[in-house]
Amino acid sequence: MSIIPKTMMAVVTTGNGGYDKLEYREVPIPAAGKGEVLLKVLAAGINNTEINTRLGWYSSSVTTDTNSIVESQEVNAEQKMDGGWNEATPFPLIQGTDCCGRVVQLGQGVAKDLMGRRALIRACMRPNGHDVMDNIWMASDFNGAFAEFVKVPASEVFPVECDWSDEELATIPCAYGTSENMLHRAKVGPKDFVLVTGASGGVGSATVQLVKRRGAKVAAITSKEKMEQLRNLGADIVLERGVGLVEILGKNSVDVVIDNVAGPGFPQMLKALKPGGRYVSSGAIAGPIVSLDMRDVYLKDITLIGCTAWDKPVFPDLVLYIERNEIRPLLAKVFPLEQIAKAQQEFLEKTHVGKLVLIP
């Protein structure tokens, strides 16, 4: 293995705000400590969460959809104080939640067979075990993969043996991990009819694939321009965004709703759920504040499931799906790391299906 240099190029997010907060600059390369490994980043995917974190959207002071915050690029004092996942974001921060990398340095106590392996990093980490929901996230709570190298606990490194490209593997961690976690929590099986909102995005398109992998029926909501692509991905029913769900699917017709959109469409989703149905969410890009009629919840025995912390089997299972060719990557476009602002701007235009990826 070649000698590791002392410095690397990285995108450092210096604080809450617009694209001017993304600085491509030279920084020290971290050294792997006890129980840690250093990876050379081969490719890093782009997610909503990096943009939301930079803009402070996770703050309880924000009540609008993500597009409103993006368009204004304005950040108030409250957003800066509580705009992180678990607490205030530790700026300056190297973001980048998705990482395909190669292990180049082992810390004390790490198994030697990890050296040189190409691997994915489990971005959601459960430092106090899986019996409690405490979690930390790479690139939200500590430095991530928008750099030439990244340091992580060895327990979060998952070698992958497949013929996928580095860029294709980088589409997987956050989107597919989030999706598989929701399906796991909701116990989705082959007899279920699943409604997926935002189906052309990273998590949504992953969910369509992962629902079909479980043998279930899926209805996907997307824009008119992307409907055919969702059919090609395997969706049994494709609905144009904004249509009346109850009018088309019927009241009490859906077993599970997988929703990262929320906003004004939320009440219709509960109306479409069958008695005993499960509503699952890990996001709210159309707005976090929704109208909820509690009668829909208790009279229909609906279960509401919030998902952030990934359960123990989720990421190992994803690696198996890749190695067995049970899922396929949805790589939309690749950018060099220094063009991160351009890549995020294109990401927000929402004209693509799948994931955009950065190469250091």
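What follows draws every value from the coordinates through simple rules; no lab data is involved. Please read these numbers as outputs of a predicted model, since none were measured by experiment. Counting neighbours? That spans all protein chains shown, and the Cβs are built from the backbone with ideal geometry, glycine included.
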- Message: Please rank Ser253, Ser205, fewest neighbouring Cβ atoms within 10 Å first, as an exposure proxy.
- Response: Ser253, Ser205
- Using R₀ = 35 Å, calculate the FRET efficiency as 1/(1 + (r/R₀)^6) where r is the Cβ-Cβ separation of Val334 and Met115; round to 0.05. 0.80
- Query: Are any of the pairs Lys21/Lys342; Lys217/Lys312; Lys224/Lys355; Lys34/Lys112 more than 21 Å apart by Cα-Cα distance, and if so, which?
  - Reply: Lys217/Lys312
- Sorted by chain and then number, the residues having a modelled amide H within less than 5 Å of the amide H of Val12, at least 5 places away or on another chain, are Glu23, Tyr24, Arg25
- Query: What is the distance, in nm, between label points placed 7 Å from the Cα along the Cα-to-Cβ direction at Ser60 and at Phe142?
  - Reply: 2.7
- Burial ranking of peptide ranges 17-29, 327-339, 206-218, 171-183 (average Cβ count within 10 Å, highest at the top): 171-183, 206-218, 327-339, 17-29
- For the chain, calculated [θ]222 nm from helices alone, where every DSSP H run of n ≥ 4 adds -39500 (n - 2.57): -7000 deg cm²/dmol
- By count of other Cβ within 10 Å, fewest leading, how are Leu356, Leu245 ordered? Leu356, Leu245
- What FRET efficiency, computed as 1/(1 + (r/R0)^6) with R0 = 25 Å and r the Cβ-Cβ distance, is obtained for Lys6 and Ala88, rounded to the nearest 0.05? 0.25
- About the Cα centre of the chain, how large is the charge dipole given +1 on each Lys and Arg Cβ and -1 on each Asp and Glu Cβ? Please answer in debye to the nearest 20. 740
- Per-residue Cβ contact counts at 10 Å, fewest first, order Asp192, Asp98, Asp131 as Asp131, Asp192, Asp98
